[in-house]
1. Separation of the range 149-173 and the range 214-233 by C-alpha centroid, Å?
2. Just flag the trypsin sites (Lys or Arg not before Pro) in the range 176-270 sitting in loop per DSSP whose Cβ has no more than 14 other Cβ atoms within 10 Å.
3. What does the convex hull of the alpha-carbon atoms of the range 282-360 project to on average, in nm²?
4. Of the candidates 61, 287, 90, which one comes out as most mobile in a Gaussian network treatment of the chain with C-alpha springs shorter than 10 Å?
5. Could you tell me what fraction of 2.2 N^0.38 Å the Cα radius of gyration of the range 118-160 comes to, as a two-decimal ratio?
6. Report Rg (one decimal) and Dmax (nearest whole number) for the chain, counting Cα atoms only, units Å.
7. Rounded to the nearest angstrom and ordered from largest down, what semi-axes does the equivalent ellipsoid of the range 1-47 get from its C-alpha gyration tensor (root of 5λ)?
8. Given a Förster radius of 25 Å and the C-beta distance between residue 278 and residue 356 as r, what FRET efficiency does 1/(1 + (r/R0)^6) yield to the nearest 0.05?
Amino acid sequence: MPKKFDQIIRPEILDLSAYHVPPSVGMVKLDAMENPYSLPKNIGNEIAQLTANVSTNRYPDTNAISLKSTLREAMGIPVEMDIMLGNGSDEIIQIIALAVARPNAVLMSVEPAFAMFRMIATFVGLRYSGVPLKADFSLDIDTMLAAITKYQPAVIFIAYPNNPTGNLFDAEAVSRIIKATPGIVVVDEAYHVFADASFMSSLVQHPNLLLMRTLSKLGLAGLRLGLLIGRPEWLTQFEKLRLPYNVGVMTQIVVEKVLQHPDVLSQQAAAIKAERTVLNECLKRLDGVEVFPTDANFVLLRVNEAHEVFLELKKQGVLIKNLDGSHPLLKNCLRVTVGTPSENRQFLETLQSLITKSIN
Ligand SMILES: *Cc1c(COP(=O)(O)O)cnc(C)c1O
């Protein structure tokens, strides 16, 4: 008799629930930090021409030489640093986690943080330690340093700005963590374009610092491209775990083409930042809504009965993210991505009608 799945699959995998992506067809989609704007027609046409001529019968360039040099220039990556590409930065987190997964090794992050840090630790058999943030979502540096001493983590992931809270941590505190850590620290700058801060220029000072970026939140989520930037001694090891053709030929040529028009995505990011200010101001004027500061393309807010508000918004065609129940610090919290002006208006009007209803 063959064994049943639950005798073959690892118990910690049996205990997981799969990453849930809710259906969103026809909805105002403000749940996933996507850029709401598409590419201009002229770039779309250039892409159409490029893809028509691409050799889809051949494997992509595994070293993506041309794309990496375009990225290096576009992002101002220091010459001393190497680049590793991933099928989204999710894949890079997994590669790093696999590489450090010695018996009993610890992956550390803060809580609440990006859910994949914890999930991927479980995938690869690492122990996970999540150090709680303070109630205002700032770093609790003393607790963090104590946890580092106690667990001696192989790797710490810090999103800068943080997801799902949206804030930038104090840079000085992050530097102290990097200096205190025996292992590596990965600063995940997924929301870099919406913040005016980066650890790019700190890479040369810290031998154990790695920087992660993604093109997803910038406007190319559908192409799946993330990058890891760091010293060759680290990246040479991680490269051994990267599956040879993880970044397809379409992704390589399309990203390169878009980056040849640097103003397009940066103008879209500027529009999103301007809309973020408007959305923030409008939310602050609503009674019964607490708004948290954000340096990302989303806003974290707290309302009464968040779960009901979330469901009612969904019923009325507006999809956001309900964080209530995901962590004690996120009680009654919702996360909304900054969309187009009309999407944001639709969200605000619906939210306002729900709140007014519940007050009266
Ligand atoms: C969205 C997000 C990612 C994942 O990005 P992909 O490149 O699309 O895989 C990584 N880190 C943080 C903090 C994110 O919010």
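1. 19
2. Values: sites: 176, 179, 213, 217, 224, 240, 242, 257; in loops: 224, 240, 242.
Loop-located and lightly packed - 240.
3. Projected area, direction-averaged: 5.0 nm².
4. 287
5. On the way: Rg = 11.3 Å, N = 43, 2.2 N^0.38 = 9.2 Å.
For the range 118-160, the normalised Cα radius of gyration is 1.23.
6. According to the Cα coordinates of the chain, Rg and Dmax are 21.1, 65 Å.
7. 42, 16, 10
8. After rounding to 0.05, the efficiency reads 0.80.
Read-outs throughout are calculated quantities, based only on the coordinates presented, and are distinct from any laboratory measurement. Source: prediction; values computed, not measured. Here the Cβ is made from the backbone with ideal geometry for all residues, glycine too, and neighbour counts use every protein chain on show.
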